[in-house]
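Visitor: Sending over a structure as structure tokens; questions will come in a sec.
The values are calculated or read from the model by the stated rules, or taken from the named source; none is laboratory data. Here the structure is a predicted model, which means the values were calculated and not measured. Cβ placement follows ideal geometry from the backbone for every residue including glycine, while neighbour counts extend to all protein chains displayed. The accessibility values were calculated without ligands, DNA or RNA, using every heavy atom of the protein model including side chains. Shrake-Rupley method; radii C 1.70, N 1.55, O 1.52, S 1.80 Å.
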Amino acid sequence: MADLEVFEVFGLEKPGAVVSHAGSLQAAGPDLAVVLAKELFCRRSEYVELWVVPRPCVHVAQRAKDALGPAEPRSYRLGSGYRDTVEKWKRFGGEQGGDR
Amino acid sequence: MDMDLQAFEARIARGELIEADDFMPDAYRRQCLRLIVTHANSELMGALPEREWIPRAPGLGRKLAVLSKVQDEIGHAQMIYRVAEDLAAPYGISRQDMLDDLIEGRAKFHNVFSYPAPTWADVGIIAWLVDGAALETQGALLKTSYAPYARILRRICAEEAVHLKHGEDIVLTLAAGTPGQRAMLQDALTRWWRPLLHFFGPPGESTNSDAFRWRVRIASNEELRQGFLRKYVPKIRRLGLAVPDAELRFDEATGKWLYGDPDWDEFWRVVKGGGLQTNERLSLRRLSREEHGWVVAAMRPETAA
Ligand SMILES: [Fe+2]
Ligand SMILES: [Fe+2]
């Protein structure tokens, strides 16, 4: 007896939303996986779109194991690394600083 | 202590969550698995007392609500068995094995689902108070360290909260009804009170254990029961219903509800499979499996392809 496949289910909660993980299920192929995903995760119209992905197609990298992101903090990659622009703007008049 | 175990303990101590593919000690895997399979079994068996009421629910609105609650509970079972399957994979245990264990009486499920639901008021009390009790337990488990279970519990708890509202609505309707309806409601509460106290398990288990340190378990049986009593006793009394326990009172000194001995022997009898309807419900489950076998077969890869 052939085995059922495991599918990871992802969804969009509204149009344009970020795709998020809903859960997983077992099914014989993607068509039935979609049918089951609707039954399991969308009984209350939680999603406008559902994706089912065979689990072996999901390849994972983890921060702890796979050095996701640089080892050292790199503030110059982040907006927060440029906070002193507020002070710098003050030299050019006005109390507020910056363009806020 | 080996390196892996040390690293695992450190992750737990930092409050990190454990994913299915992460290293976990065998004892952690087994504890999670036991808890999660029991939960899945309870969702599946929990649908049965209410399923009996789908054809008999008073009115189309109530019928649809009970129908959708039953569908939710089966959905919960599906999602939780899925989490259990991943945990059980290293042992070569499949969902089929878990369902076999359940049907053949080798697995546990919640004591409350071994009791009959003879009247419509029982349906209200089950949805309000049994789902309320379940929400106490599952709400605490949102803090579990096993991430796949925590994720699925967020969805489940949201749906249990709807079940509770549905139960509350049935109870409020009956409580505001005829004397006959109020009497029916009181009878149902009287029937369910003891099983509800049993729901959380006996008090006094040690919380100084791996299960608590590893956050497989979050709250003790008694903490959960006290949470339940704090929420629901005042509401029950507000409805003018009597809790069938002469010793039940709030103790100001300890801030706890004190209750009479709920007969823990009865609890153990039920847990070990001697409940009023344990066998009847399990046969119903067996029957469902036989009758719906064709659906499962139709959805197998060799047929569906
Ligand atoms: Fe449920
Ligand atoms: Fe429920």
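Visitor: Between A:Arg83, A:Arg63, A:Arg43, which is away from chain B (no Cβ under 12 Å) and either open to solvent by 40 Å² or more (accessible area, probe 1.4 Å) or at positive phi (or both)?
Guide: Checking each option against the conditions leaves just A:Arg83.
Visitor: Then there's this: If A:Phe7 meets every condition in (1) of a type in the set (Phe, Trp, Tyr); (2) open to solvent by less than 80 Å² (accessible area, probe 1.4 Å); (3) more than 12 Å from chain B (Cβ to nearest Cβ) apart from one, which number is that one?
Guide: (3)
Residue-wise test of (1) within 11 Å of ligand 2 (Cβ to nearest atom); (2) under 14 Å from the mean Cα position of the chain (by Cα).
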| site | (1), (2) |
| --- | --- |
| B:Gly59 | no, no |
| B:Arg62 | no, no |
| B:Ser68 | yes, no |
| B:His76 | yes, yes |
| B:Ile80 | no, yes |
| B:Leu87 | no, no |
| B:Tyr91 | no, no |
| B:Gln96 | no, no |
| B:Asp100 | no, no |
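Visitor: Is it the case that some residue within segment B:237-259 is within 19 Å of B:His110 (Cβ to Cβ), assigned to a helix (DSSP H, G or I) and open to solvent by 100 Å² or more (accessible area, probe 1.4 Å)?
Guide: Checking segment B:237-259: not a single residue is within 19 Å of B:His110 (Cβ to Cβ), assigned to a helix (DSSP H, G or I) and open to solvent by 100 Å² or more (accessible area, probe 1.4 Å).
Visitor: Just one of B:Glu104, B:Glu50 is modelled with pLDDT under 95, charged (D, E, K, R) and within 15 Å of ligand 2 (Cβ to nearest atom); which is it?
Guide: Sole residue among the options that is modelled with pLDDT under 95, charged (D, E, K, R) and within 15 Å of ligand 2 (Cβ to nearest atom): B:Glu50.
Visitor: I'm told B:Ala117 meets every condition in (1) part of a helix (DSSP H, G or I); (2) farther than 27 Å from B:Glu16 by Cβ except one. Can you identify the failing condition by its number?
Guide: Only one criterion is unmet by B:Ala117, namely (1).
Visitor: If you check every pair at least six apart or on different chains, which have Cβ atoms under 7 Å apart with a residue in segment B:161-175 that is within 13 Å of chain A (Cβ to nearest Cβ) first and a residue that is open to solvent by 30 Å² or more (accessible area, probe 1.4 Å) and within 13 Å of ligand 2 (Cβ to nearest atom) second?
Guide: B:Ala161/B:Leu135
Visitor: Continuing with the same structure: Name the single residue that is most open to solvent (accessible area, probe 1.4 Å) among those in segment B:102-125 being under 11 Å from the mean Cα position of the chain (by Cα) and within 16 Å of B:Arg191 (Cα to Cα).
Guide: B:Phe113
Visitor: Take segment B:28-67 and flag every residue that is within 14 Å of another protein chain (Cβ to nearest Cβ) and either touching a Gly at 6+ places or on another chain (Cβ under 9 Å) or away from ligand 1 (no atom under 16 Å from the Cβ) (or both).
Guide: If the condition is that a residue be within 14 Å of another protein chain (Cβ to nearest Cβ) and either touching a Gly at 6+ places or on another chain (Cβ under 9 Å) or away from ligand 1 (no atom under 16 Å from the Cβ) (or both), then B:Glu43, B:Leu64 are the ones that fit.
Visitor: Does B:Asp26 qualify as being of a type outside the set (Lys, Arg) and modelled with pLDDT under 95?
Guide: no
Visitor: Next question, about the same structure. B:Asp72 fails exactly one of the following numbered conditions: (1) within 16 Å of ligand 2 (Cβ to nearest atom); (2) within 14 Å of chain A (Cβ to nearest Cβ); (3) of a type outside the set (Gly, Ala, Ser); (4) under 30 Å from B:Ser209 (Cα atoms). What is the number of that condition?
Guide: (4)
Visitor: Look at B:Ser114 and say whether it is away from ligand 1 (no atom under 16 Å from the Cβ), of a type in the set (S, T, N, Q) and farther than 22 Å from B:Val66 by Cβ.
Guide: no
Visitor: If you don't mind, there's one more thing I want to ask. Of the residues that sit in segment B:134-188 and are of a type in the set (Gly, Ala, Ser) and not in a helix (DSSP H, G or I), which one is least open to solvent (accessible area, probe 1.4 Å)?
Guide: B:Ser145
Visitor: I need the full set of residues from segment A:17-40 which are more than 12 Å from chain B (Cβ to nearest Cβ) and open to solvent by less than 80 Å² (accessible area, probe 1.4 Å), in order please.
Guide: Listed by number, the residues that qualify are A:Ala17, A:Val19, A:Val34.
Visitor: Which number in (1) at pLDDT below 95; (2) within 13 Å of ligand 2 (Cβ to nearest atom) marks the one condition that B:Trp128 misses?
Guide: Only one criterion is unmet by B:Trp128, namely (1).
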